[in-house]
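Data block below; observations after.
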Amino acid sequence: MQDTILRAEDLQAEFDTTDGVVKAVNHVSFGLPRGGTLAITGESGSGKSSVALAIMGLLPYPGRVTGGSIHFGDRDLLTLSGEELRTVRGREVAIVFQDPSTGLNPVLSVGDQVEEIIRAHQTVSRREAKAMSVEVLGQLGLPDPEEIVRRHPFQLSGGMAQRVMIAIATALNPSVLILDEPTSALDVTVQAAILEDMARLQERHGTSIVLISHDLGVVAQMADSVAVMYAGRIAEYADAETLFRSPRHPYTASLLASRPRPDQESRGRLAAIKGTPPSLIDLPDECAFLPRCHKATSECRSESVPELLSAGGDAHVAACYNLMYSEDEGTAARRSA
Ligand SMILES: Nc1ncnc2c1ncn2[C@@H]1O[C@H](COP(=O)(O)OP(=O)(O)OP(=O)(O)O)[C@@H](O)[C@H]1O
Ligand SMILES: [Mg+2]
């Protein structure tokens with residue numbers, strides 16, 4: 001059996017707002033293989049960041065986890081005390097947030113911020129901590145790290161700021177690193193360089209990565225397996241090669257079709273998915289993708305929300321009734337165990 005370092009089981013999280021309860025994460029389960037990269041993708045608002053924040057115990061008010069478990073080794077992170085969780089966080093499981101501008105403290109130098117995390121978790125002298133920060137920044141491809149540690153966040157470019165964030169997250173060599181849209185705000189060359197740094201880091205330390213990205217190019221480049229989220233649920237889950245080659249959920253197929261392809265004539269005229277995702281406050285009783293689905297049948301309309309069904313291959317599942325009712329590709333789909 002594959003060694004899974006982090007496992008979410010039936011995770012549910014919501015935000016209790018004045019407009020109603022936003023069901024941001026609905027019955028999400030996945031496993032992160034040790035040393036591997038799991039990508040979570042899907043449109044804006046599908047619940048990707050909420051999953052990441054729930055794992056870290058950092059869902060902001062009025063958000064809360066309402067069900068499920070998140071096992072890191074044999075510990076359920078959801079049952080740890082605040083103190084225990086703080087020890088895990090940063091040291092064993094670390095996150096790089098979506099927006100670099102919110103992640104750095106504007107009044108502290110870069111060096112102070114990297115040293116702070118090191119000294120919070122390890123008994124080292126200031127001098128040792130300083131040397132360690134210069135080393136992690138250097139490892140992340142920042143030129144002249146001795147000079148960078150003296151800078152303040154406003155003196156950094158977007159790419160540099162994001163690398164500093166990654167340095168803070170990886171300073172203690174966490175076994176799990178969660179990257180929430182780590183390169184979305186950056187131009188493509190900086191993005192490529194940072195992704196290469198991540199791949200090197202993973203190779204060197206065997207880091208297991210949860211990569212959240214709506215960019216399917218990034219997902220294809222980095223991920224071993226992919227979870228596609230729609231309206232707070234996993235719509236499809238497969239190893240990356242299978243997902244890109246033979247998606248079985250119409251939503252995944254639409255996402256892939258709407259992907260910019262530099263090799264194709266249709267640049268600039270993408271098959272954007274028609275319609276919008278449902279409100280997470282008022283989720284329908286049937287498949288949430290139904291109004292946008294070009295493959296919907298009468299069965300879909302009379303059924304409740306579809307469960308994840310086996311899509312034939314090994315560990316390939318999709319939440320779509322087409323897998324049960326259609327005979328395409330000759331696969332008689334079974335309910336997954
Ligand atoms: N602090 C909050 N208060 C209320 N609702 C929230 C809050 N944060 C997120 N939500 C809602 O939870 C749902 C999921 O949001 P989330 O940020 O997890 O999506 P996402 O997939 O990360 O989107 P994006 O790609 O834009 O980052 C959305 O409907 C969002 O509006
Ligand atoms: Mg997000």
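Details
- Compactness of region 1-152 - radius of gyration and Dmax, Cα, Å: 17.9, 51
- Cβ-Cβ distance of Glu9 and Ser81, R₀ of 22 Å, FRET efficiency by 1/(1 + (r/R0)^6): the value works out to about 0.60.
- Between the C-alpha center of region 114-129 and that of region 275-290 there is a gap of 47 Å.
- For region 103-173, the dipole from Cβ point charges (+1 on Lys and Arg, -1 on Asp and Glu) about the Cα centre works out to 80 debye, to the nearest 20.
- Cα principal axis extents for region 20-99, largest first, Å: 33, 28, 26
- Calculated FRET value between Ile281 and Ser246, using beta carbons and R₀ = 30 Å, to 0.05: 0.30
- Label-point separation in nm, Arg204 to Thr102, each point 7 Å along Cα→Cβ: 3.0
- Local electrostatic count, Ser157, Cβ distance below 12 Å [Lys/Arg +1, Asp/Glu -1]: +1
- Cross-link partners of Lys274 among lysines, defined as those whose alpha carbon lies under 28 angstrom from its own and excluding same-chain residues fewer than eight positions apart: Lys23, Lys48, Lys295.
- Take the Cα of His121, step 7 Å toward its Cβ, do the same at Thr17, and the gap between the two points is 3.3 nm.
- Counting only Cβ charges, +1 for Lys and Arg and -1 for Asp and Glu, the dipole size of the chain around its Cα centre is about 360 debye.
- Mean ellipticity per residue at 222 nm, deg cm²/dmol - from DSSP H runs of n ≥ 4 across the chain, formula -39500 (n - 2.57): -9500 deg cm²/dmol
- The share of C-alpha pairs in region 103-173 whose separation exceeds 16 Å stands at 36 percent.
- Whole-number percent relative contact order across region 103-173, with pairs defined as alpha carbons under 8 Å at least 6 apart: 45
- In nm, spacing of pseudo-spin labels at Arg301 and Ser44 (7 Å Cα→C-beta vector): 3.2
- The fraction of accessible area contributed by carbon and sulfur in the chain is 49 percent, rounded to a whole number (1.4 Å probe; ligands and nucleic acids excluded).
- Entry comment: accessible area of the chain is 49 Å² per residue, from protein heavy atoms only and a probe of 1.4 Å.
- The string of couplings for region 251-259 from the Karplus curve (6.51, -1.76, 1.60, θ = phi - 60°) is 5, 4, 4, 5, 4, 5, 5, 8, 6 Hz, one whole number per residue in order, with x for Gly and Pro.
- All aspartates and glutamates inside 19 Å of Lys130 as judged from Cα atoms, apart from same-chain residues fewer than 8 positions distant: Asp112, Glu115, Glu116, Asp144, Glu146, Glu147
- Antiparallel DSSP beta bridges within the chain, as percent of all bridges there, nearest 5: 60
- Using a Förster distance of 22 Å, the FRET efficiency for Ala272-Val188 (Cβ separation, nearest 0.05): 0.60
- Three-way shape call for region 120-256 based on the alpha-carbon gyration tensor, with the a/c threshold at 1.5: prolate
- The C-alpha radius of gyration of the chain, expressed as a fraction of 2.2 N^0.38 Å, stands at 1.04.
The values are calculated or read from the model by the stated rules, or taken from the named source; none is laboratory data. Only a predicted model underlies this, so the values are computations on that prediction, with no experimental measurement involved. Every residue, glycine among them, receives a Cβ derived from its backbone with ideal geometry; neighbour counts consider all protein chains shown. When the accessible area is computed, the model is the full protein with side chains, heavy atoms only, and any ligands, DNA or RNA have been set aside. Shrake-Rupley method; radii C 1.70, N 1.55, O 1.52, S 1.80 Å.
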